[in-house]
Amino acid sequence: KETFEGHQVLRIVPKDEVQLALIKDLEDMSELDFWTDVTDVAYPVDIRVPFDSLMVLKAHLMSQDIDYTIMIDDLQVMLDEEQQEMESAARLGQPRS
Amino acid sequence: TDTFDFSRYHNLNEISSFQDMLVAENPSLVSKLVIGQSYQGRPLNVLKFSTGGTNRPAIWIDTGIHSREWVTQASGTWFAKKIVTDFGKDPALTTILNKMDIFLEIVTNPDGFYYTHSNNRMWRKTRKPSGSGCYGVDPNRNWDAGFGGPGASSNPCSETYRGPRAHSESEVKSIVDFVRSHGNIKAFISIHAYSQMLMYPYGYTRTAVKDQAELHALAQRAISDLSTLYGTRYRYGSIINTIYQASGGTIDWTYNQGIKYSYTFELRDTGRYGFILPSNQIIPTAKETWLALMTIMNHTLNNPY
């Protein structure tokens, strides 16, 4: 089962065409999972970044003066919560069925 | 189905059982069609809501073609129940169903959906072996509409891998065959998540569709109606102008088949949770989306072509 410990989802909002092009170049990096795609200036791009790629990517963004925010700090934590919620709902449903 | 918990996410078996129950409870309104099989042999189930007649004009709605977009399958389940609940009570829906059929495919990509529950919650594509370690094709790049053009990848490891040829995915080909054999589908609505958009063709070309003015105005009305419930803000327009250039997309193909009212949604949210939208958002998402769906369905009924 594939897990996502330490994966973060970064939100980047390109300020201008130059940043837009730089972010678009990142699409070629197969380890990055674009949750929303690069569309236009001022529209957010959300990227899931594996733990091993985080430092390199963040350094790259900083070097290009591209701002980002961390939308999801640790994806696996959210997935675990989702799983627990489903299991808990299933347990609650058992007596009725 | 009255005890089905629509406010929770459910796996493939639970959704399948729900569909069978809905049919059993409403035999004069709902039936289940199997339009094909997924690559791994799962049935491609479509619910047909019909009050009778043969080959009536119809509305198609699909959810879950991208497997990780769980709020879409969950919303589709809610829509199914909403249709049987409102039929005979809501005059607008009743009028629609007295003249048209509604087809609803809740889990359009069952192999991928199962995979999101068992192996990789973040999986988006089908599970067809692609000849490399990167199994799967993006079924929303696999349609015969600008297939292979910009905005789709030839790399099997890419999330937007288009597949070896148009309609190579049985999940896509089955819908293609169904739409062609039916021949009287008047609206086709393909539902994705997230980022809050309502779009019409095209995605593969900047050429405007000949019905652009009407589709644009209808999209504006639909998102306006959607926002009346919770104030959720949507962007709208053609795919290429609203989101990006994408070739081989679903509704570009349906529009080119003559289905004028071809739309695709990106449901909630604005990006705080992405594909991990908390389950307490399912019902609000479904409720607000239903308002937009009704606007499009009503317009389709009132503007025959």
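None of the figures in this text is laboratory data; all of them are computed from the coordinates on show. Every value quoted in this text rests on a predicted model; they were computed, and no experiment measured them. Neighbour counts run over all protein chains shown; Cβ positions are idealised from the backbone, glycine included.
State, as an integer percentage, the relative contact order of chain A based on alpha-carbon contacts under 8 Å between residues 6 or more apart.
40 percent
Under 5 Å between amide H atoms, partner at least 5 residues away or on a different chain: which partners does B:Ile61 have, H built in plane at 1.01 Å?
B:Phe103, B:Leu104, B:Glu105, B:Ile189
If r is the Cβ-Cβ distance from A:Gln83 to B:Leu291 and R0 is 30 Å, what FRET efficiency results, to the nearest 0.05?
For R0 = 30 Å, the calculated efficiency reads 0.40.
Against the empirical 2.2 N^0.38 Å scaling, what ratio does the C-alpha Rg of the protein assembly as shown come to?
Normalised Rg, Cα atoms only: 0.95.
So which trypsin sites (Lys or Arg not before Pro) in segment B:172-261 pass both tests, a DSSP loop state and at most 11 other Cβ atoms within 10 Å of the Cβ?
The qualifying sites are B:Arg206, B:Lys210, B:Arg233.
Per Stokes-Einstein, at 37 °C and 0.692 mPa s, what whole-number D in µm² s⁻¹ belongs to segment B:45-118, with the Kirkwood radius over Cα pairs as the hydrodynamic radius?
D = 251 µm²/s.
Any idea what % of Cα-Cα pairs in segment B:1-144 are farther than 23 Å?
Result: 37 percent of Cα pairs exceed 23 Å.
Using a simple charge model, +1 on the beta-carbon of Lys and Arg, -1 on the beta-carbon of Asp and Glu, nothing else, what dipole does the protein assembly as shown show about its Cα centre, in debye to the nearest 20?
Value, rounded to 20: 1320 debye.
If you project the alpha carbons of segment B:206-305 onto the principal axes, what extent comes out on each, in Å, largest first?
Here the spans come out as 39, 31, 18 Å, largest first.
Give the lysines whose C-alpha is closer than 18 Å to that of B:Lys210, dropping any in the same chain fewer than 8 places away, or say none.
Candidates past the 8-residue exclusion: B:Lys186, B:Lys260.
Give the residue from A:Met86, B:Thr54, B:Val176 lying farthest towards the positive end of the charge dipole for the protein assembly as shown; charges sit on Cβ (+1 for Lys and Arg, -1 for Asp and Glu) and the dipole is referred to the Cα centre.
B:Thr54
Would you work out the charge dipole size for segment A:1-56 about its Cα centre, treating the Cβ of every Lys and Arg as +1 and the Cβ of every Asp and Glu as -1, and quote it to the nearest 20 debye?
Dipole magnitude for segment A:1-56 comes out near 200 debye.
Which lysines does B:Lys287 reach when only Cα atoms under 20 Å apart count, and residues fewer than 8 places away in its own chain are ignored?
Cross-link targets: B:Lys81, B:Lys82, B:Lys89.
Other chains near B:156-163: what is the mean number of their Cβ atoms within 10 Å of each residue's Cβ?
2
Take the Cα radius of gyration of segment B:218-271 and divide it by 2.2 N^0.38 Å, with N its residue count; two decimals is plenty.
1.25
How big is Rg to Rh over segment B:112-165, alpha-carbon atoms, Rh as the Kirkwood inverse-mean-distance radius?
Taking Rg over the Kirkwood Rh, I get 0.98.
Can you list residues from other chains, or at least 5 along the same chain, whose modelled amide H is less than 5 Å from the amide H of B:Ala193?
Residues meeting the criterion, in which the H sits 1.01 Å from N, are B:Leu267.
Farthest toward the dipole's positive end in chain B, which of B:Phe4, B:Ala166, B:Leu267, given Cβ charges of +1 (Lys, Arg) and -1 (Asp, Glu) about the Cα centre?
B:Ala166
List the longest stretch of chain A that has no exposed loop site; here a site is one of the trypsin sites (Lys or Arg not before Pro) assigned by DSSP to anything other than H, G, I, E or B, with at most 11 other Cβ within 10 Å.
The segment A:2-95 is the longest one with no such site.
Which value does Rg/Rh take for chain A over its C-alpha atoms, Rh per Kirkwood?
Reported Rg/Rh (Cα atoms, Kirkwood Rh): 1.15.
Return a whole-number percent for the relative contact order of segment B:1-51, with Cα pairs under 8 Å and 6 or more residues apart as the contact set.
Across segment B:1-51, relative contact order equals 27 percent.
Quick check: from the Cα gyration tensor, does chain B come out rounded (a/c under 1.5), prolate or oblate?
It comes out rounded by the Cα gyration axes.
Charges at C-beta only: +1 for Lys and Arg, -1 for Asp and Glu. How large is the resulting dipole of chain B about its Cα centre, in Debye rounded to 20?
So the dipole magnitude of chain B works out to roughly 400 debye.
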